[in-house]
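Notes follow the structure.
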Amino acid sequence: MHELAIAQSIVEQVEEVARSQGLAKISTIRLRIGALRAVVPEALEFGFEVLSQDTPLAGARIVIEEIPIRITCHECGAISSPEPGLAWLCPACGSAVVEMTSGKELQLDSLEVED
Amino acid sequence: MEIRVVENLLKANEAVAAQTLERLAKHGVRAINMIGSAGSGKTALLEATLPRLRESLGVAVIEGDLQTTRDAERIDRIGVPVVQVTTGKSCHLPPQLVLRALDGLDLDAIDLLFIENVGNLICPSEIPVGEHHKVAVLSTPEGDDKVLKYPMLFHLADAVVINKIDLLPHVTCDVGRIRSDLEQVGSRAQIFEVSARTGEGLDGYIGWLLGLVG
Ligand SMILES: Nc1nc2c(ncn2[C@@H]2O[C@H](COP(=O)(O)OP(=O)(O)OP(=O)(O)O)[C@@H](O)[C@H]2O)c(=O)[nH]1
Ligand SMILES: [Mg+2]
Ligand SMILES: [Zn+2]
């Protein structure tokens, strides 16, 4: 369901970039999406396919790089990925004062243009 | 040829939300985005807390609803200023509509503005509407597995209200599990176990809300 809203943003933003930079045919759209966003790639691809149908982006391929959740410890600075199923604690010092430093991304990264 | 873009996919929404925040700041208003499943009790919580908050604060509500004006009528009935925003097919409250809804409110008379989002746990947590705080509303009949299914909301929420605790004897819901799952998504939320129906537990939640206004 939220994949459709994200797909809509992709269509709008990529069209805007294509227009402002005079790009003709875009073949690939690369995205960076954090694991915490719980985006289902197939649903996003399908949403994009539907919404881009009558636009210059029709037929472009979506490539998603999933960014894992990483937490940075406020006490000792260690960076780690939380263990699935466990509380967010620093594995180095055990502190619970950690900050998520990646995993929330929802980013348009780059476009592949046919020469 | 590859072209680097690096743009946030929510930037259009965030820009509008920033305008809302700016306007609220001018009038000293704090805004709360209430997010929860359909039927979790968002409107019921408003009905149970607003009469008490109103004793010491200026309060108002923006009601997001897919189709009806039913929730706005419920708020109107208790005499609190309310603006209805009908979202039609949208599964979340779009920030543009919230910005426009501010025109219908006397911002100088408001300290705390509640924005009831569309009943849904995903999209409203992705799309900011110009709020200072997010309150996640869960209810015991929904079961105890929602936190791990919708981690984004619960990671971001400043408070989690577990509503309908009066129904605990009748439903399968382990509140302890909700609390430990919250730790697993890095939540720093204040957790309140309440019943909007009986009033149990509301003192703590109301105290937290009062503390948001400096
Ligand atoms: N037993 C019990 N019922 C409750 C409680 N809070 C709300 N309800 C009932 O739950 C139903 C839904 O409550 P609402 O306040 O309309 O829920 P909502 O989250 O605003 O729903 P939407 O606006 O449709 O997303 C109503 O029938 C309420 O009377 C509670 O604490 N205990
Ligand atoms: Mg409601
Ligand atoms: Zn550490």
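Quick notes on this one:
- Taking the conditions (1) surrounded by 18 or more Cβ atoms within 10 Å (Cβ to Cβ); (2) closer than 30 Å to A:E112 by Cα in turn, A:R61 satisfies each one other than (1).
- Taken together, B:I162, B:I206 contain a single residue that is among the β-branched types (V, I, T), away from chain A (no Cβ under 14 Å), open to solvent by less than 20 Å² (accessible area, probe 1.4 Å) and touching a Lys or Arg at 6+ places or on another chain (Cβ under 8 Å), which is B:I206.
- Meets criteria (surrounded by fewer than 22 Cβ atoms within 10 Å (Cβ to Cβ), more than 14 Å from chain A (Cβ to nearest Cβ), farther than 27 Å from A:L106 by Cα and within 16 Å of ligand 2 (Cβ to nearest atom)) for B:D103: no
- Residue, farthest from ligand 2 (Cβ to nearest atom), within region B:120-133, restricted to residues that are within 14 Å of another protein chain (Cβ to nearest Cβ) and open to solvent by 20 Å² or more (accessible area, probe 1.4 Å): B:P128
- Only residues that are free of Cβ contacts under 8 Å to residues at least 60 places away in the same chain and within 14 Å of chain A (Cβ to nearest Cβ) were counted in region B:1-36, giving 12.
- Cβ separations smaller than 6 Å between residues 6+ apart or across chains give the following pairs from region B:40-51 residues that are polar (S, T, N, Q) to residues that are open to solvent by less than 10 Å² (accessible area, probe 1.4 Å) and within 10 Å of ligand 2 (Cβ to nearest atom): B:S40/B:V137.
- Scanning region B:180-202 for residues that are more than 18 Å from the chain's Cα centre (by Cα) and assigned to a helix (DSSP H, G or I) yields B:S180, B:D181, B:E183, B:Q184.
- Per the conditions (1) at pLDDT below 95; (2) within 14 Å of another protein chain (Cβ to nearest Cβ); (3) out of contact with any Cys (no Cβ under 7 Å at 6 or more places or on another chain); (4) buried (at least 19 other Cβ atoms within 10 Å of the Cβ), the sole criterion not satisfied by B:H92 is (3).
- Filtered residue count, region A:6-50, keeping only those that are in a helix (DSSP H, G or I), open to solvent by less than 30 Å² (accessible area, probe 1.4 Å) and within 11 Å of chain B (Cβ to nearest Cβ): 12
- Near pairs, Cβ below 6 angstrom, 6+ apart or cross-chain, from region A:86-115 (in contact (Cβ under 8 Å) with a residue 12 or more places away in the chain and more than 7 Å from chain B (Cβ to nearest Cβ)) to any residue that is surrounded by fewer than 18 Cβ atoms within 10 Å (Cβ to Cβ) and of a type in the set (S, T, Y): A:P91/A:S80; A:E99/A:T72; A:T101/A:T72; A:E114/A:S27
Here's the yes/no breakdown for (1) polar (S, T, N, Q); (2) farther than 19 Å from B:R188 by Cα:
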{"site": "A:S9", "(1), (2)": "yes, yes"}
{"site": "A:F48", "(1), (2)": "no, yes"}
{"site": "A:R61", "(1), (2)": "no, yes"}
{"site": "A:C73", "(1), (2)": "no, no"}
{"site": "A:E83", "(1), (2)": "no, no"}
{"site": "A:L108", "(1), (2)": "no, yes"}
{"site": "A:L111", "(1), (2)": "no, yes"}
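The values are calculated or read from the model by the stated rules, or taken from the named source; none is laboratory data. Here the structure is a predicted model, which is why all the values come from computation and not from measurement. For neighbour counting, all protein chains shown are included, and Cβ atoms are generated from backbone atoms with ideal geometry for every residue, glycine included. These area figures cover heavy atoms from the full protein model, side chains too; ligands, DNA and RNA do not enter into them. Shrake-Rupley method; radii C 1.70, N 1.55, O 1.52, S 1.80 Å.
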